[in-house]
Amino acid sequence: MRIAMIASEAAPFIKTGGLGDVMQALPAELARIPGNQVSLFLPYYKKVKYDPAVEAELVSSFTVNLTWRQQYVGLFRWAGSTDSLAVYFLDNEYYFCREGLYGFYDDGERFAYYAKAVLASMTALELRPEIIHCHDWQSALVPVFLEAEYRASFPEARTVFTIHNVEYQGKADAAFFGEVLGLDDCWRGVCSFDGCVNFMKAAIVQADLVTTVSETYAEELRYPYFAHGLSGILSSRGERLVGITNGIDMGIYDPATDKALAANYSPAELAGKQLCKRALQKELGLEEKDVPLLAMVTRLASHKGIDLLCYVLRRLLERELQLVVVGTGEARYEYALQAVAADFPGKFSMNLRFDPALASRVYAGADLYLMPSKSEPCGLSQLIAMHYGAVPVVNAVGGLKDTVPPYNPETGEGRGYTFQSYNGDDFYGAIDRALGDWHANPAAWAALVQADMEADFSWAIPAQRYMELYCSIV
Ligand code: GLC
């Protein structure tokens, strides 16, 4: 099958979050399936364009229009492309040669341009994708422009739109419709919501299928508490809104081979994990002793549950344990966490940085991994944590609910500790149960760690499910 993937970031080229990981792993996994030809489209950001490690050659250039604007598109093909997986970068220095990816005053215009530029590029390449799979609001206008202006070039193409996080919808004021999109007025209804232009809403109504990144989140999106205003629109898609839980690239995230670690280990040979814990304590100035080590690697954003962490923090740190937090984000959380860390030297290590190698060492050194997110479409770090043998403590929402079934010490079933409402005392209670089991029965704990490490979170299963969905609409 010929599949075009459209996104705004993909590792290893450029990544700001989980979307970047998914866009690295999913296209590669689909390309491994015999008979598939996958083309991945990305903006040619400054950081990618001037990265000496990323070689690409110019294939073609042309312009696209957004009302009176006529904008250049340079179509580059990555030198590492193969027959089954080609990566294309769309060059326009005015829109993309900036520091950072998002958060500019003209993001709406930048990604409206991007949607058109992708369709024009596929036309120039004479790609005939059967599936055009778009991700998040940055590529959400592709299904709209396809139908409104490019249908003749792609008469057979079907569209899939995946929501990685409904919180970011891509909104612009109503005038944007006429001033930038330049679409026929019959498209105004599709593109508008609540008096604004709303990119994500347009894709939800226009795409042949809408998916999201876990089964539970697909259900949650039908309710106002989770849907950031779009519950009505999302539930109107009925069975055409489907959840497929993400995987992780188990080749990249592997404690048996990870070079960032002080020692490598596997489920059969856990001794290395103990060495990693000691090494981490030493590296971060924690007391080198055998107490439970709790960890979080996270953006310090409110939906990640940092309020709950702040609420339980001092009570937690009175106990015999250690805590490591790695991440940056909202200033209020950075200040609050640093202030507490100053009161608990040797016990609480607060690391205000984004450092993938340190993150690996934290997953490897931790006994418990905390993820009290208020909502979590899928969540990747709980999967990495489990694969590194850190037992998760999670709020049972979205992908956390789907990937961390509650542990039952009586039967040994389950993978971690869950709580059921966004409440600090319930979070504390779940940690308390985990600590109880850690102390009570080391052999059972080791078996839990082993089972978590052995769980299959690979992309093979989700990639198959995407294939089934694609087949159901082509
Ligand atoms: C977003 C979501 C996260 C998900 C990721 C990849 O970052 O917030 O839960 O795992 O996308 O789909």
Condition set outside any loop (DSSP other than H, G, I, E, B) and of a type in the set (Val, Ile, Thr), scope the range 361-400, selection surrounded by the most Cβ atoms within 10 Å (Cβ to Cβ): answer is VAL394
Within the range 221-239, which residues are buried (at least 16 other Cβ atoms within 10 Å of the Cβ), away from the ligand (no atom under 14 Å from the Cβ) and either of a type outside the set (Gly, Ala, Ser) or not assigned by TED's automatic domain parsing to the domain that holds LEU30 (or both)?
ARG222, LEU230, ILE233, LEU234, ARG237
GLU269 being over 30 Å from GLN464 (Cβ atoms), surrounded by fewer than 22 Cβ atoms within 10 Å (Cβ to Cβ), over 26 Å from the mean Cα position of the chain (by Cα) and modelled with pLDDT of 95 or more:
no
All positions within the range 1-17 that are surrounded by fewer than 21 Cβ atoms within 10 Å (Cβ to Cβ) and not β-branched (Val, Ile, Thr)
MET1, ARG2, ALA11, PRO12, LYS15, GLY17
Going through the range 59-91 one residue at a time, which ones are over 22 Å from PRO27 (Cβ atoms), touching a strand residue (DSSP E or B) at 6+ places or on another chain (Cβ under 7 Å) and either at pLDDT below 95 or of a type outside the set (S, T, N, Q) (or both)?
PHE62, VAL64, TYR72
Of the residues ALA396, ALA364, ALA336, only one is under 23 Å from GLN281 (Cβ atoms) and of a type outside the set (Val, Ile, Thr); which?
ALA364
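With GLY189, GLY178 as the choices, which residue is more than 23 Å from ARG237 (Cα to Cα) and assigned to a helix (DSSP H, G or I)?
Exactly one of GLY189, GLY178 is more than 23 Å from ARG237 (Cα to Cα) and assigned to a helix (DSSP H, G or I), namely GLY178.
State all residues of the range 192-209 that are part of a helix (DSSP H, G or I) and over 25 Å from the mean Cα position of the chain (by Cα); if no residue qualifies, say none.
Result: no residue meets the conditions.
From LEU275, LEU316, LEU358, LEU280, grab the single residue that is closer than 21 Å to VAL394 by Cβ and either part of a helix (DSSP H, G or I) or free of Cβ contacts under 8 Å to residues at least 40 places away in the same chain (or both).
LEU316
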Given (1) within 16 Å of the ligand (Cβ to nearest atom); (2) free of Cβ contacts under 8 Å to residues at least 60 places away in the same chain; (3) not in a helix (DSSP H, G or I); (4) not basic (Lys, Arg), ALA218 misses just (3)
Contact list, first residue from the range 189-211 and free of Cβ contacts under 8 Å to residues at least 24 places away in the same chain, second anywhere and of a type in the set (Lys, Arg), beta-carbon distance below 9 Å, six or more apart or interchain, is SER192/LYS201
How many residues of the range 193-215 are of a type in the set (Gly, Ala, Ser) and touching a strand residue (DSSP E or B) at 6+ places or on another chain (Cβ under 7 Å)? The answer is 3
Take the residues of the range 16-38 that are over 29 Å from PHE176 (Cβ atoms) and polar (S, T, N, Q): which is farthest from the ligand (Cβ to nearest atom)?
GLN37
Any idea which of ALA112, ALA117, ALA140, ALA174 is closer than 20 Å to VAL197 by Cα and touching a Phe, Trp or Tyr at 6+ places or on another chain (Cβ under 6 Å)?
ALA140
Listed by first then second residue, the pairs whose first member lies in the range 375-402 and is under 19 Å from GLU167 (Cα atoms), whose partner is within 9 Å of the ligand (Cβ to nearest atom) and among the charged types (D, E, K, R), with beta carbons under 7 Å and at least 6 positions apart or on separate chains, are LEU380/ASP21; VAL397/GLU376; GLY398/GLU376; GLY399/GLU376; LEU400/GLU376
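The values are calculated or read from the model by the stated rules, or taken from the named source; none is laboratory data. What you see is a predicted model; the values in this text were computed from it and never measured. No Cβ is skipped: glycine too gets one built from the backbone with ideal geometry, and neighbour counts run over all protein chains shown.
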